[in-house]
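Q: Right, I'll just put the structure down here and ask away after.
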Amino acid sequence: MAATTPDTAPAAPPAKRDRTHLLYIAVIIAVAIGIAVGFAAPDFAKDLKPLGTGFVNLIKMMITPIIFCTIVTGVGSIRSAAKVGKLGGLALSYFIAMSFVALAIGLVVGNIMHPGDGLHLTQSAKAAGHSQAADGSEGLVDFLLSIIPTTFVSAFTDGVVLQTLLVALLVGFAIQALGKSGEPILRGVGHIQKLVFRVLTMIMWAAPIGAFGAIAAVVGETGVDALKALGTIMLAFYITCVLFVGLVLGPMLWLVAKVNLFKLLKYLAREYLLILSTSSSDVALPRLIAKMEHLGVSRPVVGITVPTGYSFNLDGTMIYLTMASLFIADALGQPLHLGEQITLLLFMMVASKGAAGVSGAGLATLAGALQTHRPALVDGVGLIVGIDRFMSEARALTNFSGNAVATVLIGAWTKELDKARVEEVLSGRLPFDEATVMDEHGSASADLPEPRAGDDKELAKA
């Protein structure tokens with residue numbers, strides 16, 4: 001019998017093939033079939049809506065535990081509460097600044113194109129507008145009070161993102177205060193996060209069914225005639241969103257972090273497909289957290305910026321509220337002068353916080369704000385009810401893009417971005433582990449890092 005030598009040692013088992021690309025090919029096929037069914041059999045297509053709703057609800061079921069685990073591990077791994085405050089303050093300042101930029105771009109394009117000219121209002125459209133206003137009449141005080149959950153546990157059961165943020169921040173700070181005795185809790189939360197992402201991976205295989213039902217229902221409900229009649233406002237809105245992402249976010253990303261916008265968008269292509277097919281940015285939130293950490297942004301930055309951005313960094317919603325307000329005012333022959341436009345939109349900027357990921361929430365916010373400031377314009381909200389689903393997709397895509405860019409920018413400003421890893425990931429040499437959603441070098445699987453010396457000094461310099 002021949003002796004075993006190093007040359008004859010057993011070969012390493014072949015790497016497991018990533019078959020998740022088949023899932024996204026199936027989503028594309030499902031969307032195409034759904035569109036065809038929507039046009040061919042509208043009544044049948046409308047009955048398929050529960051398929052899309054069910055899939056989105058499955059994803060939303062995972063949002064609360066993912067946000068909680070992400071923020072707790074992010075805040076808890078920072079030993080200085082002051083650093084969390086600086087990081088959160090920087091993120092909120094950036095979000096507010098970009099909201100103003102988005103509002104300004106929407107105002108410019110809306111005042112140039114006047115997309116509402118020439119449309120006529122029907123009685124049914126008036127009724128639809130007032131129905132939406134009833135759903136969006138929450139005031140500022142009610143909004144602030146709604147952030148506080150009824151009980152500690154209700155923050156997890158009610159599905160309100162801002163309530164989860166509040167509880168997670170409190171738990172994270174409590175773990176900080178516990179010092180070394182809090183480290184086992186932090187590791188436990190990290191293991192729970194890994195489990196949650198594994199469950200999410202299982203749910204994602206239902207994406208083709210959800211995409212088919214969602215797109216078939218909306219095509220069946222809307223029809224071609226409505227799209228033709230309101231094509232101007234849709235086209236203007238889509239163009240404005242593209243301009244914002246390409247001419248505002250893209251240059252900022254390159255100047256601050258030296259990251260190419262198109263490479264980042266390509267890296268997030270699968271998330272864009274899910275948002276496009278379901279019209280909800282919620283379905284991509286867990287994957288954005290995982291992918292940003294894999295990209296090279298530190299856990300604290302991702303843990304604070306992404307969940308907070310989903311409530312406060314709503315660039316697409318800002319553009320939508322601006323253009324929809326001008327569209328309705330022009331369509332009703334009651335154009336707003338510049339002072340009225342600015343006052344109304346500043347109110348909407350506050351009222352819209354917390355609406356991310358909810359399909360149709362932008363429409364309710366629009367109607368509620370008009371009811372408060374210009375009740376005569378509420379009738380016109382019914383003009384865009386029929387196409388809001390398509391505009392909701394652009395809102396969600398733009399909001400998602402803004403949050404992805406914001407995470408990289410804040411990582412660069414706080415010196416919490418591994419630029420060498422960014423290059424490796426975006427070039428394709430270090431692919432994201434689609435099989436588990438969380439890669440083995442990411443937050444859910446790795447040991448929690450010790451705080452780096454000088455972290456607070458680096459953040460203060462930024």
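Q: For segment 157-185, enumerate the residues that are in contact with a Phe, Trp or Tyr (Cβ under 8 Å, 6 or more places away or on another chain) and either outside any helix (DSSP H, G or I) or at pLDDT below 80 (or both).
A: Step one: of segment 157-185, the residues in contact with a Phe, Trp or Tyr (Cβ under 8 Å, 6 or more places away or on another chain) are 161, 164, 167-168, 171.
VAL161 - this is the single residue of segment 157-185 that is in contact with a Phe, Trp or Tyr (Cβ under 8 Å, 6 or more places away or on another chain) and either outside any helix (DSSP H, G or I) or at pLDDT below 80 (or both).
Q: Of the residues LEU92, LEU107, which is in a helix (DSSP H, G or I) and surrounded by fewer than 18 Cβ atoms within 10 Å (Cβ to Cβ)? Lay out the reasoning, then the answer.
A: Working: LEU107 fails: surrounded by fewer than 18 Cβ atoms within 10 Å (Cβ to Cβ).
On inspection, the qualifying residue turns out to be LEU92.
Q: List every residue pair whose Cβ atoms lie under 8 Å apart, where the two residues are 6 or more positions apart in sequence or sit on different chains, the first residue falls within segment 25-38 and is in a helix (DSSP H, G or I), and the second residue, located anywhere, is polar (S, T, N, Q).
A: Note: pairs meeting the criteria are VAL27/SER277; ALA30/SER277; VAL31/SER277.
Q: Among (1) of a type in the set (A, V, I, L, M); (2) part of a helix (DSSP H, G or I); (3) surrounded by fewer than 16 Cβ atoms within 10 Å (Cβ to Cβ), where does ILE148 come up short?
A: (2)
Q: Here is a further query. Taking segment 286-301, which residues are closer than 23 Å to VAL101 by Cβ, surrounded by 24 or more Cβ atoms within 10 Å (Cβ to Cβ) and within 15 Å of the chain's Cα centre (by Cα)?
A: Applying the first criterion (closer than 23 Å to VAL101 by Cβ) to segment 286-301 yields 288, 292, 297, 301.
Filter once more, so that each one left must be surrounded by 24 or more Cβ atoms within 10 Å (Cβ to Cβ): 292, 297, 301.
Scanning segment 286-301 gives a single hit, MET292.
Q: With VAL248, VAL196 as the choices, which residue is of a type in the set (A, V, I, L, M, F, W, C) and touching a Pro at 6+ places or on another chain (Cβ under 8 Å)? Outline the logic, then answer.
A: Numbers: VAL248 fails: touching a Pro at 6+ places or on another chain (Cβ under 8 Å).
Exactly one of VAL248, VAL196 is of a type in the set (A, V, I, L, M, F, W, C) and touching a Pro at 6+ places or on another chain (Cβ under 8 Å), namely VAL196.
Q: Determine whether THR150 is at pLDDT 80 or above and of a type outside the set (Lys, Arg). Give the steps one after another, and end with the answer.
A: Values: at pLDDT 80 or above: yes; of a type outside the set (Lys, Arg): yes.
Against the criterion (at pLDDT 80 or above and of a type outside the set (Lys, Arg)), THR150 qualifies.
Q: What helices (runs of 4 or more DSSP H) lie completely within segment 219-280 and have 2 or more residues being modelled with pLDDT of 85 or more and more than 15 Å from the chain's Cα centre (by Cα)?
A: Values: elements: 231-244, 250-257, 261-267, 269-278.
Those helices (runs of 4 or more DSSP H) span 231-244, 250-257, 261-267.
The values are calculated or read from the model by the stated rules, or taken from the named source; none is laboratory data. The model shown is predicted, which means the values in this text are computed figures rather than measured ones. Don't worry about glycine lacking a Cβ; one is built from the backbone with ideal geometry, like all the others, and counts go over all protein chains shown.
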